[in-house]
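Below: the structure, in structure tokens.
The values are calculated or read from the model by the stated rules, or taken from the named source; none is laboratory data. What you are looking at is a predicted structure, and each value in this text was computed from that prediction instead of being measured. Heads up, the Cβs are rebuilt from the backbone with ideal geometry, glycines too, and the neighbour counts pull from every protein chain shown.
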């Protein structure tokens, strides 16, 4: 398959130029000096993963623990909970329980142990 520049449509003088954050191959056109990706991959997390995070939050698992289990950022889990709340409210369905809505803003505190020497 010949790679064609998206700007000048030239299929000659194309070189590889690394990868995007999503893992797609990047190319550089030596004719017009533009960098492009012919077949870009979609970014973001799968909708099934987002739904799983919301369900786990509704079951009472903390935001940080959900993030650790699913290998995502805790802020993403909070955003997904907020988006689910807004979707339910805009569709006219009964919104999430109040405690589930507030649970997205709960901060998980870990224990801190300090050894103090005797004087």
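Within region 64-77, the set of residues being surrounded by 18 or more Cβ atoms within 10 Å (Cβ to Cβ) and out of contact with any helix residue (DSSP H, G or I) (no Cβ under 6 Å at 6 or more places or on another chain) comprises just one member, 76. Quick one: in region 53-63, which of the residues that are surrounded by fewer than 16 Cβ atoms within 10 Å (Cβ to Cβ) and assigned to a helix (DSSP H, G or I) is modelled with the highest pLDDT? Selected residue: 55. Just checking, does region 5-22 include any residue being surrounded by 12 or more Cβ atoms within 10 Å (Cβ to Cβ), over 20 Å from the mean Cα position of the chain (by Cα) and closer than 30 Å to residue 70 by Cβ? For region 5-22, residues surrounded by 12 or more Cβ atoms within 10 Å (Cβ to Cβ), over 20 Å from the mean Cα position of the chain (by Cα) and closer than 30 Å to residue 70 by Cβ: absent.
Within region 1-44, the residues that satisfy the criterion of being within 27 Å of residue 76 (Cα to Cα), touching a strand residue (DSSP E or B) at 6+ places or on another chain (Cβ under 7 Å) and in a loop (DSSP other than H, G, I, E, B) are 20, 37. For region 76-93, residues that are part of a helix (DSSP H, G or I) and within 15 Å of residue 58 (Cβ to Cβ) total 10.
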